[in-house]
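Please read the structure below before turning to the comments.
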């Protein structure tokens, strides 16, 4: 039988190990396939997602800078029906809107972006005048020409002779016909979208920065009903706040489109290019570096990409090798005022923090290897747990067999004594009164021993199955001790023990089931009697204690001066069926259930059992019970 069982056990473990090996191979194959798919998806996704992100960034940036243009409503008619007061009113209304720190709309109301709004009256060429719109005072005031605007205002004055000339003020003098192909109205021929009507006529000076728009001159500029001078041209000049662009607008857009849970996924910079590039904004102090060939993306923000007009792309970059698809045009923008042949546009530069792409793929590969390793580790742990569980099951089975043997012995001993006494009575051997009393006492003691053994077994079985039903109520400690002593008196006196009591006065009530707690303490006293050796002394002490966290408890301790418990056995004495080798060798009767049952009862009452012991000195078992919450319920 044992041989057959061993064969079945071997077949079982071979099957289990074969299944685990197959699972590991399957995981390895799937991991390889998933890794390859992830690498391919990453390579495709990086290229496909970067262009729309860059385009969206650019459109929102354009929306931020063009919001004031839309608000002023100059329009394609160049203000033919508007007076200076109309612009002041619109600007005042717009400037009092709340700043949108990070909006999802394309055009944002950002009054802090505008530093000043001027009207440059150049229709009177002999005496031009600069007026400033003052929204706080709701009036238009004369202004001195700021040093930073002199070059721009001179350019605008030179282009004020006619409206058609003013609309092309962004072009430098003497441009060739080929260079005129970048006129905004020719954008559709370059594959770029046509501007909206609200933006026609606006031109951009990136050096300040500022946006300007020609205005047809009214005979009475403060009266929109006055006659229009169709030849002379004035100018709307909106000076933008470069600090706002650097510190709020570009960072917000960068976080919106290139941010992730761990921060920015890309290094981003906006550079004013040229022979000596100037950094407008950079997300990292070390970006951009000199190696522009490794950029993932670059965009001429204010104009077409190099392959549309190579001369317009800044010289420091245009001769560098460009990877296919990493250079994008600005889809919509104002025409940029150019002061010479050297064009230095603002350029958006992007570089992934983990470039090249092979680095990303390698990181994905490593992550998947780590994931696979964790899976394999978990499988190994599961296997180890199965082995441990099997060992524990085997150990438990052995303990149960030992328990059956112990119970059989414990049952047979009193049954044999009862049987002998009964047989003696049947045979008429008990003639003297003393013999009858002696055998009666023996039968009573053995019956009590059997009853206690059956109670322990039933209590343990009900605790394991969760079918215990306790009647919880407030109890006085004296009531509990009276019940315990009533049941153990015969056992104590029969063994010749001295039982001392040390009961603290004024103890609070405890919560529990009287019969269950009585049985728990009886087991502790029986255990003390069983292991007291030649010392026939036991003490029960009861005291109140503060258990911390605002809770009080009553401690009932059972002390003996017996053989004690070794440090090796101490952690196991509350385990079911456990008996130390020393007690087995000494042929001390027991089933290994008494203390296990006592602990389960204590925990069911909301308390616990603790023990201190020293070999050759004795042991102390303590029952900790929570007091009833009514603080004034005291029993003297």
Which one is modelled with the highest pLDDT, of the residues in the range 440-454 that are surrounded by 15 or more Cβ atoms within 10 Å (Cβ to Cβ) and over 15 Å from residue 494 (Cβ atoms)?
450
Inter-residue pairs, beta-carbon under 6 Å, first assigned to a helix (DSSP H, G or I) and in the range 442-453, second modelled with pLDDT of 75 or more, 6+ apart:
442/421; 443/418; 443/421; 446/418
So residue 556 fits all but one of (1) closer than 15 Å to residue 611 by Cα; (2) under 48 Å from the mean Cα position of the chain (by Cα); (3) modelled with pLDDT under 90; what number is the exception?
(3)
Could you check the range 488-510 and list, in sequence order, the residues that are farther than 21 Å from residue 583 by Cβ and buried (at least 17 other Cβ atoms within 10 Å of the Cβ)?
499, 507, 508, 509, 510
Using the structure shown, decide if residue 175 is crowded, with 16+ Cβ neighbours inside 10 Å, farther than 16 Å from residue 212 by Cβ and at pLDDT below 60.
no
Restricting the search to the range 598-631, which residues are assigned to a loop (DSSP other than H, G, I, E, B) and out of contact with any strand residue (DSSP E or B) (no Cβ under 9 Å at 6 or more places or on another chain)?
615, 616, 617
Among (1) modelled with pLDDT of 85 or more; (2) surrounded by 12 or more Cβ atoms within 10 Å (Cβ to Cβ) - the single one residue 93 does not satisfy:
(2)
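Quick check: is even one residue across the range 193-215 modelled with pLDDT under 75 and either in contact with a strand residue (DSSP E or B) (Cβ under 7 Å, 6 or more places away or on another chain) or crowded, with 16+ Cβ neighbours inside 10 Å (or both)? Quick ask: steps written out before the conclusion?
Our first condition is that a residue be modelled with pLDDT under 75; within the range 193-215, this holds for 193-198.
Retained after the next criterion (residues that are either in contact with a strand residue (DSSP E or B) (Cβ under 7 Å, 6 or more places away or on another chain) or crowded, with 16+ Cβ neighbours inside 10 Å (or both)): 195, 198.
Within the range 193-215, one or more residues are modelled with pLDDT under 75 and either in contact with a strand residue (DSSP E or B) (Cβ under 7 Å, 6 or more places away or on another chain) or crowded, with 16+ Cβ neighbours inside 10 Å (or both).
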Would a scan of the range 150-160 turn up a residue that is modelled with pLDDT under 90 and exposed (fewer than 12 other Cβ atoms within 10 Å of the Cβ)?
no
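The values are calculated or read from the model by the stated rules, or taken from the named source; none is laboratory data. From a predicted model like this one, the values you see are computed outputs, not experimental measurements. Cβ: placed from backbone, ideal geometry, glycine included. Neighbour counts: every protein chain shown.
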